Amino acid sequence: MATSSGGLFDDMNVLGVIGYVLEKTRFIFLVPILNVLVNLCQVISLLLFIDAAYMAIVVAIVKIRGRTPQKVLKWESFKSDDVELAPSSNHPMVLIQIPIYNEKEVCQLSIRAVCKLSWPLDRMIVQVLDDSTDPHSKELVRLECKKWASEGINIKSEVRDSRNGYKAGALTEGMKHSYVEGCEFVVIFDADFQPEPDFLERTVPFLVYNSEIALVQAGWKYVNSNECCMTRIQEMSLNYHFAVEQKSGSSIYGTAGVWRISALNEAGGWKDRTIVEDMDLAVRAYLSGWKFVFVDDVKVKNELPSSFRAYRFQQHRWSCGPANLFKKMAMEIIQNQRVSFWKKVYLIYDFFLLRKIVVHIFTFVFYCLILPATVIFPEIEVPKWTTIYIPATITILNAIATPKSFYLILYWILFENVMAMHRSKGTLIGLLETSRVKEWVVTQKLGESNTLRQNLIPHYSFPERLRWREITVGMYLFICGYYDFVFGKTYLYVYLFLQSVAFFVVGVGYIGMSVPS
């Protein structure tokens with residue numbers, strides 16, 4: 001009996017020691033560390049709010065004062081009653097580039113739209129840069145180019161032996177042809193972009209009459225925004241980007257834009273060092289002292305990714321590329337002598353750090369990792385302005401840009417938090433330059449193919465559709481939510497349960513797998 005009692009007391013002592021160690025670890029290490037992380041996230045949340053509020057105020061002032069680009073800058077129309085019969089000497093020579101890679105569903109749409117632009121035929125060269133390896137895609141491009149050449153369009157189909165440099169490589173090779181020498185401006189349209197006939201008439205005059213401008217950027221509109229819930233959510237995010245970020249001058253891009261070729265060359269031309277060649281060129285031109293203009297009333301039709309897989313690859317490129325570009329250009333920006341100190345601060349802090357790097361990592365780490373963990377540590381209090389007021393304000397600012405989809409605001413929040421995990425991963429890959437840093441997967445577009453739209457991924461079995469990262473995070477959120485429901489004194493479990501469901505839905509493949517006809 002004595003021996004048995006002694007063993008029992010020994011076990012109790014061991015458990016007591018373990019409990020004591022865990023309790024001390026909790027108070028000495030875990031609580032202070034988590035508290036520091038929460039405080040840091042509060043600071044970042046405040047900085048993001050200030051940035052969003054600043055951009056919203058700028059846009060509001062511009063709108064109230066009616067400061068459209070046509071009023072602020074010099075602009076005169078080239079348009080005449082019959083552009084094909086009118087003298088074309090006052091129209092500059094324009095090169096239009098369409099880079100294509102195995103995009104048979106949309107390539108004909110883009111070529112057709114470009115060839116219908118209302119611009120004198122002798123002052124326009126259409127250059128189709130076809131890097132396709134798929135024979136069917138190559139044949140479609142060849143036939144479409146032949147068709148428009150027979151109708152008098154000066155169209156060139158350029159085919160490379162390899163895809164070196166991806167899109168940047170194709171654009172660079174396209175600029176080397178002798179017939180490009182007489183062109184003053186160049187327009188770049190992706191394979192799914194469909195400009196309106198008056199696109200050149202409404203954009204090129206900004207470059208002709210304002211010699212300090214390097215790039216005229218047009219807005220985007222989406223031919224399939226109402227296709228499914230996922231495309232509606234994408235539209236909300238992109239509309240905010242163009243309505244607020246672009247209009248306030250807080251972003252720089254070049255797709256669906258018109259470049260001054262002399263500015264393009266002065267900035268060093270296209271480079272393939274990252275997978276965001278348009279941003280790379282725009283930043284270098286900005287550092288060379290050139291200016292940009294965003295014309296929000298000119299919009300170019302294009303297509304949103306309809307499958308989650310395509311959207312995920314696109315978001316990888318859009319998050320990994322800027323982070324990698326920042327790593328490569330940070331010292332170049334700091335050492336630049338042609339722009340002011342405040343422009344350097346804007347590029348490094350606002351354009352890159354805050355909006356391209358911090359926002360992705362913060363969104364996932366705070367709302368999906370740190371905030372759920374606080375329910376297990378009641379010693380840590382997260383103020384409501386961090387968890388409710390600031391996120392709600394930023395969310396409403398996003399939603400205002402797409403009022404028709406305001407009813408999707410809850411879905412948008414939950415889905416964006418899921419995507420923040422993928423964007424965070426892409427951002428870290430770009431900063432650390434791991435193996436996927438130069439990964440370029442062309443975003444799948446479906447064009448007018450109803451068959452594809454009705455059945456995007458018919459051959460995937462259920463096990464193949466499982467995504468364990470999403471499921472793991474979903475389980476973590478659910479456990480934290482359950483703990484808060486049973487032991488907590490807040491209602492945070494409502495958010496945690498909803499967010500866990502969003503991760504589970506994506507994790508088991510029930511989003512972006514099929515769309516209605």
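Which of the peptides 374-384, 471-481 is most tightly packed, and how do the rest follow, judged by the mean count of other Cβ atoms within 10 Å per residue?
Those peptides, ordered most packed to least, come out 471-481, 374-384.
Using just the helices of the chain, give the 222 nm mean residue ellipticity in deg cm²/dmol: DSSP H runs with n ≥ 4 each add -39,500 (n - 2.57), and the total is spread over all residues, rounded to 500.
So the helix-based figure for the chain works out to -16000 deg cm²/dmol.
How big is segment 368-442 along each principal axis, measuring the range of its Cα positions in Å and listing the largest first?
Over segment 368-442, Cα extents along the principal axes are 41, 40, 16 Å.
Using a 7 Å offset from the Cα along the Cα-to-Cβ direction at both residue 226 and residue 433, what is the distance between the two label points in nm, to one decimal?
About 4.8 nm, to one decimal.
How many percent of all Cα-Cα pairs in segment 128-191 sit more than 20 Å apart?
Everything past 20 Å amounts to 32 percent.
To the nearest 10 degrees, how steeply does helix 468-487 sit against the main Cα axis of the chain, on a 0 to 90 scale?
Approximately 40 degrees, to the nearest ten.
For the charge dipole of the chain, defined by +1 on Lys and Arg C-beta atoms and -1 on Asp and Glu C-beta atoms about the Cα centroid, which residue among 401, 275, 62 has the Cα displaced farthest towards the positive pole?
Sorting the options by dipole projection puts first 62.
Of all DSSP beta bridges located in the chain, what percent are antiparallel, nearest 5?
25 percent
Ignoring ligands, DNA and RNA, what accessible area per residue does segment 282-436 give at 1.4 Å, in Å²?
Result: 42 Å² per residue.
Under the √(5λ) rule applied to the eigenvalues of the Cα gyration tensor, what semi-axes describe the equivalent ellipsoid of segment 156-277? Give them in Å, descending.
26, 20, 15
Given a cut-off of under 8 Å on Cα pairs at least six residues apart, what relative contact order in percent is computed for segment 255-343?
33 percent
Can you order the peptides 57-63, 414-420 by their average number of other Cβ atoms within 10 Å per residue, highest first?
414-420, 57-63
What is the gain in length, in nm to one decimal, between residue 486 and residue 342 on full extension, counting 0.36 nm per residue of separation less the C-alpha to C-alpha distance?
Stretched out fully, the residue 486 to residue 342 stretch lengthens by 46.7 nm.
Using the per-residue mean of other Cβ atoms lying within 10 Å as a proxy for protection, in what order, highest first, do the peptides 402-408, 325-331 fall?
Result, highest mean Cβ count within 10 Å first: 325-331, 402-408.
For segment 308-399, what is the number of Lys pairs with C-alpha distance below 30 angstrom, counting only pairs 8 or more positions apart or on separate chains?
9
Expressed as a whole number of Å, what is the distance separating the alpha-carbon centroids of segment 295-328 and segment 129-206?
Using only Cα atoms, the two centres lie 21 Å from each other.
Under 19 Å Cα to Cα from residue 176, which lysines show up? Leave out anything in the same chain fewer than 8 places away.
Straight-line reach from residue 176, under 19 Å: 156, 167, 271.
Would you kindly calculate the mean projected area, averaged across all directions, of the convex hull enclosing the Cα atoms of segment 291-381, in square nanometres?
10.3 nm²
Show which lysines lie in cross-link reach of residue 63 when reach means a straight Cα distance below 16 angstrom and same-chain residues fewer than eight apart are skipped.
Qualifying lysines at Cα under 16 Å: 71, 247.
Helix 31-65 versus the longest principal axis of the chain: what angle, 0 to 90°, nearest 10, using Cα atoms?
Its long axis makes an angle of about 30 degrees.
The values are calculated or read from the model by the stated rules, or taken from the named source; none is laboratory data. Predicted model, so just to flag it, every value in this text is computed and none were measured. Every residue, glycine among them, receives a Cβ derived from its backbone with ideal geometry; neighbour counts consider all protein chains shown. In case anyone asks, the SASA skips ligands and DNA or RNA and just uses the protein heavy atoms, side chains included. Shrake-Rupley method; radii C 1.70, N 1.55, O 1.52, S 1.80 Å.
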